[in-house]
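Everything below concerns the one structure shown next.
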Amino acid sequence: MMMKKKKDSNFKLLSLFLFLGLIQTNGDDGIGVRIGDGGVWIGGGNPNSNPGSAPMQQTNAAYNALQSWKSAITEDPSGVLKTWVGEDVCSYRGIFCSGSSITSIDLNKANLKGTIVKDLSLLSDLTILHLNSNRFFGQIPDSFKNLDSLQELDLSNNRFSGSFPQVVIYIPNLVYLDLRFNNFTGSIPENLFNKQLDAILLNNNQFTGEIPGNLGYSTASVINLANNRLSGEIPTSFGITGSKLKEVLFLNNQLTGCIPESIGLFSDIEVFDVSFNSLMGHVPDTISCLSEIEVLNLAHNKLSGDLPDLVCSLSNLINLTVSFNFFSGFSSECSRVSVGFDFTGNCIPGKGYQRPQPDCSVIPGGALSCLRIPAQPLTCAAISVGLKVTP
């Protein structure tokens, strides 16, 4: 008898809720009904309004972004994109997740050909985007400024072109920028060196114009501007803030003028390469303040005078290259440098493999006046007192 009453009661409740379901006015808010031993349960509401649906929305955005990018890639010889199927984006090759969020894309050496789509800016948790050694071309979408979490952007060894991609300056948390081996043209913007970057790698492009005057105020530990078409002088601000710069590569450009005395403020520098330019004048004594330097390459310029004793006495120096300049001599201290010292192609009397005498009769830039600090002995810690330079 009790069982019959319980079933009758459930039947009446079910009839009532089915009736309510017929008169609902919001088609998006359905009603769920379940009958069990404990009675009747009712549930409703749009599942997309449920707080637990946020990860699903995020996954859908990531899926749409990656599928949009997939459609913009025209060649995939390694079959990377064959795995980009289904809504589980974290299983895609080259895609790395934390939980359900995409945090890293690493498609280095995938040999993909195509363009970069603006939809990638939907990946709000993306911190690393590495696309080294592919065949991507075109430009970087302006929407990349919305990648608030992005810290590393490596687009090196591709076929990007056009002027410097200004959008990278507005990526708020970017600390590593690698645009090497592309076809970017035009000038390098000044505000790039105001950005808090650890590495600025722009070598092997077609950048022209002068190096921005605020170069020395950069926070980067590595600045590589090699193999471009940059002209003008090395900015006098170079080193003025005493930043933690460790590598400076300006080789194979069209730079002229002097090596700034302010280079001596880079006390942590390990590599300084300005070879294959048209720099003139004397080597500043302040280079002797570079106590950590290991590689100093001044080759293939138009530098002259005697190579300072102080330069050759640097304790950590393992490679000193001054070949193919117009140096007229070096001291006994330099004669003691037996490993990695190349002074061929200069104008040093009594040494072999030097320029023929007619080439040394007229020294290029002989009338060039470079700033000199007459400090004997040189006190490295006091250099900044005599250098008041504005960018």
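Each reported figure results from applying straightforward, stated rules to the coordinates on display, with no laboratory input. Owing to the predicted nature of the structure, the values given are computational and were not obtained by experimental measurement. Methodologically, a virtual Cβ is constructed for each residue, glycine included, from the backbone with ideal geometry; neighbour enumeration extends over all protein chains shown.
The label-point distance for Cys90 and Gln166, in a model that sets each label 7 Å from Cα toward Cβ, rounds to 3.9 nm. Label sites at Lys109 and Ala61, each approximated as a point 7 angstrom past Cα along Cα to Cβ, lie 3.4 nm apart. Restricting attention to segment 56-386, close to 10% of DSSP beta bridges with both partner residues there are antiparallel. Extension gain, Gln151 to Asp198, is 15.9 nm, computed as 0.36 nm per intervening residue step minus the present C-alpha separation. Can you figure out the FRET efficiency of Asn319 with Asp268, using R₀ = 25 Å and their beta-carbon distance, to the nearest 0.05? After rounding, the FRET efficiency stands at 0.90.
As a length-normalised measure over Cα pairs under 8 Å and 6 or more apart, the relative contact order of segment 264-360 settles at 22 percent.
With the cut-off at 32 Å, tell me which of the pairs Lys82/Lys145; Lys109/Lys145; Lys145/Lys302; Lys70/Lys145; Lys82/Lys246; Lys113/Lys244 have Cα atoms farther apart than that. Cα-Cα > 32 Å for Lys145/Lys302; Lys82/Lys246; Lys113/Lys244; rest within. Once the Cβ-Cβ distance of Ala72 and Asn173 is raised to the sixth power relative to R0 = 22 Å, the FRET efficiency obtained is 0.30.
Calculated FRET efficiency, Tyr353 to Asp142, Cβ-Cβ distance, R0 = 56 Å: about 0.55 to the nearest 0.05. The value given for segment 56-386 is a Kirkwood hydrodynamic radius of 21.9 Å, derived from the mean inverse Cα-Cα separation. Put the Cα centre of segment 142-206 next to the Cα centre of segment 271-308 and the gap is 29 Å.
Residue ranges 135-144, 74-83 sort as 135-144, 74-83 when ordered by packing (mean number of other C-beta atoms within 10 Å per residue, highest first).
Note on Ser328 and Asp342: the model spin-label points, each 7 Å out from Cα along the C-beta direction, lie 2.6 nm apart.
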